[in-house]
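Scroll down for the structure; my scribbles are underneath it.
The values are calculated or read from the model by the stated rules, or taken from the named source; none is laboratory data. On a predicted model such as this, the values are computed, not experimentally measured, just so you know. Note that each Cβ is placed from the backbone with ideal geometry, even for glycine, and that neighbours are counted across all protein chains shown.
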Amino acid sequence: MGCQYFEPSEGGATSYTVAMPKLTFGRGTLREAGVRAASLGLKRVALFTDPFLEVGPLVATVNESLAASGIESVVFSDIRIEPDDDTVTRAAKFLAECKADGIVSVGGGSVIDTAKAALMVDAHGGDIREYFAPPVGKGKPVPGPVAPHIACATTSGTGSECTSISVIRVNDLNTKFVVASPHLLPLQAIVDPQCCDSLPANVVASTGFDLLCHALECYTARAYTQHLEVTDPNARQLIQGANPFSDLSAREALSIVGKYLPRGVADSTDHEARDQLMWGATLAGIAFGNSGTHLPHAMSYGVTHLMNNITSEGYPVESPFVPHGISVVVSAPSIFKYTAEAQPERHLEGAGFLGADNKGATPDDAGEVLSKRLIELMRATDIPNGLSGVGFNTDNVKALAESSFRQQRAIANAPRESNLVDLENMYSGALKYW
Ligand SMILES: [Fe+2]
């Protein structure tokens, strides 16, 4: 793997930018939050978390650490799973009123993404929708820096602590959209695998497939050289397509998740497996934070928001809900069969990193080999059997495709182009696998 791709395209980028927070990884590092916040000059922080973590030991550890460093903290925990635009408005109002000079976020993707969006609205005003890409928003660029943010991840999946992306649900449109700007990247990330010791098996499985898909989507994404060159270096998004750095991180994440996911799900005392998954999630976050995901994530949003009456064991919500990682992976085996045609070598390599036996396989077999390995891992970790496993049937396919087709930025990052009918066909192929 070299320093650049040697297949330039007319008008395509010839360079790429890499960005990530100052990262601290290791057991017990949550206790460093206070010293790290002090090093950024913070004196009073807003501690963003959710109502369940708020009363648990992780937030207590961070609060003690902040106090020991002489830092005041005020807690904002009004954050639901799958945060929406109203959550961001409330969070930004809280920030404005509490006079904090930065955020320490403690949670999964929902908490960290809310923190990023709230910091943006607090610093630059306006409605979050203005920052979404058209046709939903005005595509307004984030005009400048936001207050310091230290992100502490508590699940082994999101990777959000290492990305400049915030995913927010828009209530009246019944789907999620992305705000992406280098200014949203946390200044520091703390990844303490101890946070995963008490996670239920279902949560490890779901978040594990989130990390798997982050890495696999990055590795198979459209190359940065196939995206348009920008004239203003500051306008270069970190969602810039596959590049040598995201490849590096994604490859390692795939090897880790292929090896350790079944073990980490099966045995909560298997610290080696669970610590490795936390590291894999971080690497996958670094990868997709510097390249972007594509169809499996784009097509997950329709699944999340058109869900039928399903409840998910292990998640503390009473309303119908499909966990993010499951909403992504249920369609993935069908999607990668479709995209393999455009990048067969990368799909075959990806299957190999995940532990597939691809000896003797030809490029024509790539989609089948990768799809088969994904299904093996899904079955080994008790993931629902495709879309039918989360309550959908053939009658829902059209609505799913229409809902997800609005995610044009992610769809454009796929290695193969797709129209509405292609999305319907991919959903149809994802109804049932075994
Ligand atoms: Fe994700």
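For the subset of region 209-239 comprising residues that are of a type in the set (S, T, N, Q) and surrounded by fewer than 24 Cβ atoms within 10 Å (Cβ to Cβ), which member is nearest to the chain's Cα centre (by Cα)? Across region 209-239, the extreme among qualifying residues is Q237.
Taken over region 259-305, the criterion of being away from the ligand (no atom under 16 Å from the Cβ), within 20 Å of the chain's Cα centre (by Cα) and either at pLDDT below 95 or within 30 Å of S181 (Cα to Cα) (or both) is satisfied by D275, Q276, W279.
Looking at E217, E229, just one residue is among the charged types (D, E, K, R), in contact (Cβ under 8 Å) with a residue 40 or more places away in the chain and within 16 Å of the ligand (Cβ to nearest atom), and that residue is E217. Kindly indicate whether any position in region 241-254 is of a type in the set (S, T, Y), within 16 Å of the ligand (Cβ to nearest atom) and under 25 Å from V330 (Cα atoms). Within region 241-254, one or more residues are of a type in the set (S, T, Y), within 16 Å of the ligand (Cβ to nearest atom) and under 25 Å from V330 (Cα atoms). Going through region 374-401 one residue at a time, which ones are on the phi > 0 side of the Ramachandran plot and surrounded by fewer than 21 Cβ atoms within 10 Å (Cβ to Cβ)? Hits for region 374-401 are D382, G391. Entry remark, region 172-214: residues being closer than 29 Å to D86 by Cα, touching a helix residue (DSSP H, G or I) at 6+ places or on another chain (Cβ under 6 Å) and within 11 Å of the ligand (Cβ to nearest atom) number 8 in total.
For (1) touching a residue at least 12 places away in the same chain (Cβ under 8 Å); (2) closer than 25 Å to V167 by Cβ; (3) hydrophobic (A, V, I, L, M, F, W, C), each residue gets a yes or a no:
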| residue | (1), (2), (3) |
| --- | --- |
| P51 | yes, yes, no |
| V55 | no, no, yes |
| D101 | yes, no, no |
| L119 | yes, yes, yes |
| D122 | yes, yes, no |
| Y131 | yes, yes, no |
